[in-house]
Amino acid sequence: MGGSVAQRLHDGGLELPVPSAALGAYVPATRAGDLVFTSGQLPMRAGELLGTGRVGDDVDVETAVRCARQCALNALAAASTVCDLDEIAQVVKLVGYVASAPGFTGQPGVVDGASGVLALAFGESGRHAREAIGVAALPLGAPVEVSLVLALR
């Protein structure tokens, strides 16, 4: 793939945000050897959540997918605090949490929003192992939270 990660995202109509500060006593990302681990990232844009509530109740699936995309962008921004994104060789794993109404089983479709961002940014190297987990609630009432494990060259 040609171009930088930021350029590929831009060409796909997405922008890498400025990394957000941690909301608690942790760091947004940490590096251990050739691996980068991000903390869970919420769908924050310009300091505001893109939605609040549970998917299937207060939040529709389309909004939740947009939230998952923003979470992935925020996770990449967090990773950029400890590495150059253009040095990422492989997205190893994505974990996605979806605040879900009782009976909602569409978590994989919601988390596909985050997976799509990684495919755009990294092509085949963006293919990853994944978990899409339904939970009762997330911090700040967010509908989606995403974390990543990335391998560097």
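The values are calculated or read from the model by the stated rules, or taken from the named source; none is laboratory data. Remember, it's a predicted structure, so these values are computed and weren't measured experimentally. Ideal geometry is used to build each Cβ from the backbone, glycine not excepted, and the neighbour counts take in all protein chains shown.
Of all residues in the stretch 74-87, those satisfying the criterion of being surrounded by fewer than 24 Cβ atoms within 10 Å (Cβ to Cβ) and not hydroxyl-bearing (Ser, Thr, Tyr) are Ala77, Val82, Cys83, Asp84, Leu85, Asp86, Glu87. Within the stretch 90-125, the residues that satisfy the criterion of being among the aliphatic types (A, V, I, L, M), under 14 Å from the mean Cα position of the chain (by Cα) and not in a helix (DSSP H, G or I) are Val91, Val92, Leu94, Val95, Val98. Going by the structure shown, is Ala121 over 27 Å from Ala6 (Cβ atoms), buried (at least 20 other Cβ atoms within 10 Å of the Cβ) and of a type in the set (Gly, Ala, Ser)? It is false that Ala121 is over 27 Å from Ala6 (Cβ atoms), buried (at least 20 other Cβ atoms within 10 Å of the Cβ) and of a type in the set (Gly, Ala, Ser). Of everything listed in (1) of a type outside the set (Lys, Arg); (2) free of Cβ contacts under 8 Å to residues at least 12 places away in the same chain; (3) part of a loop (DSSP other than H, G, I, E, B), the single unmet condition for Ala137 is (2).
Taken over the stretch 43-64, the criterion of being under 18 Å from Leu140 (Cα atoms), touching a helix residue (DSSP H, G or I) at 6+ places or on another chain (Cβ under 7 Å), surrounded by fewer than 22 Cβ atoms within 10 Å (Cβ to Cβ) and not basic (Lys, Arg) is satisfied by Met44, Leu49, Leu50, Gly51, Thr52, Gly53.
Among the criteria (1) exposed (fewer than 13 other Cβ atoms within 10 Å of the Cβ); (2) touching a residue at least 12 places away in the same chain (Cβ under 8 Å); (3) of a type outside the set (A, V, I, L, M, F, W, C), the one Gly24 does not fulfil is (2). With respect to the stated conditions, Ala6 is among the hydrophobic types (A, V, I, L, M, F, W, C) and either surrounded by fewer than 20 Cβ atoms within 10 Å (Cβ to Cβ) or touching a Gly at 6+ places or on another chain (Cβ under 9 Å) (or both).
To keep it simple, each residue is scored yes or no on (1) in contact (Cβ under 8 Å) with a residue 12 or more places away in the chain; (2) of a type outside the set (Val, Ile, Thr).
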site: Asp11; (1), (2): no, yes
site: Thr30; (1), (2): yes, no
site: Leu42; (1), (2): yes, yes
site: Asp60; (1), (2): no, yes
site: Arg66; (1), (2): yes, yes
site: Ala75; (1), (2): yes, yes
site: Thr81; (1), (2): yes, no
site: Gly96; (1), (2): yes, yes
site: Pro108; (1), (2): yes, yes
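I'm trying to understand the selection: among the residues of the stretch 29-47, which are assigned to a loop (DSSP other than H, G, I, E, B) and modelled with pLDDT of 95 or more?
Residues of the stretch 29-47 that are assigned to a loop (DSSP other than H, G, I, E, B), as a first pass: 33-34, 39-40, 42-43, 46-47.
Result: Gly33, Asp34, Ser39, Gly40, Leu42, Pro43.
Residue check: is Val98 surrounded by 15 or more Cβ atoms within 10 Å (Cβ to Cβ), β-branched (Val, Ile, Thr) and under 21 Å from Leu16 (Cβ atoms)? No, not satisfied.
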